[in-house]
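Here's the structure, in structure tokens; my notes come after.
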Amino acid sequence: MRVEAVHRHRGQGHNCQVGVSVHLACDRASAAIDWRLFVPASWDPASPEADAVKVARRTRCGIPGQVGHAEKWQLALDMIDETRSWGVDVPPVVADAGYGDAAAFRLGLEERDLPYVVGISGRHTAHPVDAHPVQPVHAGTGRPPKMQYPEPAQTVKGLVIVAGKASARPVSWREGSRPGKGRNGVKRMYSRFVALRVRPAGRGVRRAVDDPELPER
């Protein structure tokens, strides 16, 4: 199952309608099975960020009165729940960093016991998998300090760099469109990837985990 945002542009500039869609996909085809209209907070009269000028345009744009603002990742989770309610088996969920960057989206998939592969930005932080929290020395006054990791979390980009080029493996995932020496006369699309076990340490993850040891991912 693939989650994506579709922008339908009208005219010049950045004016567009944004729809969040859920697709059932295989190696050679993809079909949208659910859609939601994304409404920015400034267009939602119930939002503290509402803009009167933009709210007034809702009728002209044909936005139903019951449609308000919700984050794109929340719309995606709602559609996944709806899809499952239809009896559709949800295979691994695939989404880009627009969704993967939201810890709440990843946690929502985990709460539903759904496997997923999502993009994230390199700025996100994590601890190496072999890092473990320790109990700081108690000074003897006040409450004992909570267990914490002895070293600060690193960016995932930094962890990949530390792993080094020797850890990278070439992976080809499909045929492209340019002429080449592939089986069908076109180039294969491939890149180098590093697979690392880490302990994500973002604020959203920390808030959701009761144990001082962060889970492996």
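The values are calculated or read from the model by the stated rules, or taken from the named source; none is laboratory data. On a predicted model such as this, the values are computed, not experimentally measured, just so you know. As a convention, Cβ positions derive from the backbone with ideal geometry for all residues, glycine included, and neighbour counts pool all protein chains shown. Accessible surface areas use protein heavy atoms only, side chains included; no ligands, DNA or RNA. Shrake-Rupley method; radii C 1.70, N 1.55, O 1.52, S 1.80 Å.
Note on the chain: GNM, Cα springs under 10 Å; of Gly142, Gly98, Gly202, the largest mean-square fluctuation is that of Gly142. Summarising the strand pairing of region 1-149, around 75 percent of its internal DSSP beta bridges are antiparallel. Amide H to amide H distances under 5 Å link Val93 with Tyr116, Val117, where only residues 5 or more positions off or on other chains count and H is placed in the peptide plane.
Segment Ser47..Trp86, full-extension length gain: 10.9 nm, with 0.36 nm per residue of separation and the alpha-carbon distance subtracted. Of Glu175, Glu71, the residue with the largest accessible area leads and the full order is Glu71, Glu175 (1.4 Å probe).
Using a Gaussian network model on the chain with a 10 Å cutoff between Cα atoms, which of Thr59, Thr141, Thr155 fluctuates the most? Looking only at Thr59, Thr141, Thr155, the biggest GNM fluctuation is shown by Thr141.
Surface composition of the chain: carbon and sulfur make up 53 percent of the accessible area, probe 1.4 Å. Relative contact order, whole percent, for the chain stands at 13, derived from Cα pairs under 8 Å and 6 or more residues apart. Full extension of the chain between Ser172 and Arg188 gives 5.1 nm of extra length, using 0.36 nm per residue less the Cα-Cα distance. Estimated at 0.36 nm per residue, the fully extended path between Thr155 and Arg28 surpasses their Cα-Cα distance by 42.3 nm. Write out the trypsin sites (Lys or Arg not before Pro) in region 104-150 meeting two conditions: DSSP loop, and at most 11 other Cβ atoms within 10 Å of their Cβ. Sparse-neighbourhood loop trypsin sites (Lys or Arg not before Pro): Arg123, Lys146. If you run the Gaussian network model on the chain, springs between alpha carbon atoms under 10 Å, then out of Gln154, Gln74, Gln135 the most flexible one is Gln135. Shown in residue order for region 210-216 are the 3J(HN,Hα) couplings computed by the Karplus curve 6.51 cos²θ - 1.76 cosθ + 1.60 at θ = phi - 60°: 7, 6, x, 8, 6, x, 6 Hz (x for Gly and Pro).
Over every Cα atom in the chain, the radius of gyration and the widest Cα-Cα span, Dmax, amount to 22.0, 73 Å.
Cross-link reach is defined here as a Cα-Cα straight distance under 15 Å, omitting same-chain residues fewer than 8 places apart; for Lys157 the aspartates and glutamates meeting it are Asp101.
A 1.4 Å probe run over region 135-207, with the rest of the protein chains in place, finds 84 Å² accessible per residue.
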